[in-house]
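In what follows, a structure is listed as structure tokens, so that the remarks can point back to it.
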Amino acid sequence: MVAITAPSSMEQIPLTRCPKANAGQAAAAIPCVDLSAPGAAAAVADACRSVGFFRATNHGVPAGVVDALESRAMAFFALPAQDKVDMSGAAQPLGYGSKTIGSNGDVGWLEYLLLSVSSNSVRVSSLPPPLRTALEEYTAAVREVGGRVLELIAEGLGVDRALLRSMVVGREGGDELVRVNHYPPCPLRAPGDCGVTGFGEHTDPQIISVLRSNCTAGLQIKLRDGRWVPVPPDPESFFVNVGDSLQVLTNGRFRSVKHRVAAPEGAQSRLSVIYFGGPAASQLIAPLPQVMQDGEQSLYREFTWGEYKRAAYKTRLGDHRLGPFELRAAAAAAAAASEPADPQPHCSTSSSTCMPQQQVAQVY
């Protein structure tokens, strides 16, 4: 048994208003796509267009590969904190992190591993061999899922099926990451309908991300009408997010989805593994000519992935990262039409804070 404590430099973890919805209502809001079905491309495109997020079934990843990574990751996170740092290095941004997310002041009730991926190999040679092997096997499998999804997205857009996949999977210099997030049960109890923030509200900057979690809930997404809804966990499925870069590549047809995680309140930890499909630093990110209609104006200026990534690392999680890259007149009109006011704002009063210096969450 290991206690995970907040670092002395952290004063508080923010609270977030947690949506109340039964499982049926929440599940109905999340599109589900059978990746093996004949109409998968159209279904993927519809989900990316309407929500920016979907649950993927029949993905082809063996259950044994998923189970092995889950058990070995949990064993890693049960180690003493210094051992975890020694094995993977402190997150800068790659490596092991606890509570601090990035370098701009964001915090959450979690610990994590953030790893770079190259040629199906996780670049952390000092991790325990069983964990390293499990990560490599899982990453190889989920990269293929990501590649298939990118092919289906391209087909749904009516462009060359290999166009998006070739930007990410197997490309030399590609920027693919794997993040393993562990959210221990939080002993702090938030007032009313608020919950302790595990990972704050944000969009993913890459083209797509592919997530899998254990049975513990916590993930929430923001729908187009401004409502936040919980995502019922499904360990047998993967969940796909549209990223900021795909939003630009489609000139706003697909929009990156805002999402966040509330810390577990029960006795069970939440473990999630996310694959981020990012292109090479030199990849130009701009609306694809193949999707633009006659006379359609671009909502964004051209930029490279490297430029956008550098800018993203200078922002807070909740910042509108695409703002500096928007062509204001066109983008403002599109944003006004698609971004309603948030009916469930953050818990922001002075009493709605979490002061965990003297608290511990037990990891078993």
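Under a 5 Å amide H cut-off, with hydrogens placed 1.01 Å from N, residue 110 pairs with 99 among residues at least 5 apart or on other chains. Between residue 292 and residue 27, the modelled label-to-label distance comes to 4.4 nm, taking each label 7 Å out from Cα in the direction of the beta carbon. Please figure out what share of the DSSP beta bridges in region 31-147 is antiparallel and state it in percent, rounded to the nearest 5. Around 65 percent of the beta bridges assigned by DSSP in region 31-147 are antiparallel ones. Think of a 1.4 Å ball rolled over the protein heavy atoms: region 135-202 then has 33 Å² of accessible area per residue. Full extension of the chain between residue 83 and residue 327 yields a length gain of 83.1 nm, computed as 0.36 nm times the residue separation minus the alpha carbon distance. Each part reduced to its alpha carbon centroid, region 164-218 and region 72-119 end up 13 Å apart. Per-peptide packing, taken as the mean over residues of other Cβ atoms within 10 Å, places 150-156, 45-51 in the sequence 150-156, 45-51 from highest down.
Per the 1.4 Å probe, what fraction of the accessible area of region 120-251, in percent, lies on carbon and sulfur atoms? Answer for region 120-251 is 49 percent, counting heavy atoms of protein chains only.
Using the 1.4 Å probe convention, the accessible area of region 237-314 works out to 36 Å² per residue with neighbouring protein chains retained. Annotation: amide H of residue 194 within the under-5 Å range of 18, sequence separation 5 or more or interchain, hydrogens built in the peptide plane.
Per-residue SASA remark: residue 96, around 20 Å² accessible (1.4 Å probe; ligands, DNA and RNA not included). With a simple spin-label model that places each label point 7 Å from the Cα along the Cα-to-Cβ direction, the separation between residue 144 and residue 36 comes to 1.3 nm. Surface composition of region 281-332: carbon plus sulfur atoms contribute 52% of the solvent-accessible area (1.4 Å probe, protein chains only, all chains present).
Protein-only accessible surface at a 1.4 angstrom probe places the residues 215, 32, 186 in the order 215, 32, 186, largest first. Ligands, DNA and RNA aside, residue 292 has an accessible area near 50 Å² when probed at 1.4 Å. Run down the lysines and flag those whose C-alpha is under 30 Å from the C-alpha of residue 222, throwing out any fewer than 8 positions away in its chain. The reachable lysines, counting only those whose Cα sits under 30 Å from residue 222, are 20, 99, 258, 309, 314.
The values are calculated or read from the model by the stated rules, or taken from the named source; none is laboratory data. Since this is a predicted model, take the numbers as computed values, not measurements. Ideal geometry is used to build each Cβ from the backbone, glycine not excepted, and the neighbour counts take in all protein chains shown. Calculation scope for accessible area: heavy atoms of the full protein, side chains included, ligands and nucleic acids excluded. Shrake-Rupley method; radii C 1.70, N 1.55, O 1.52, S 1.80 Å.
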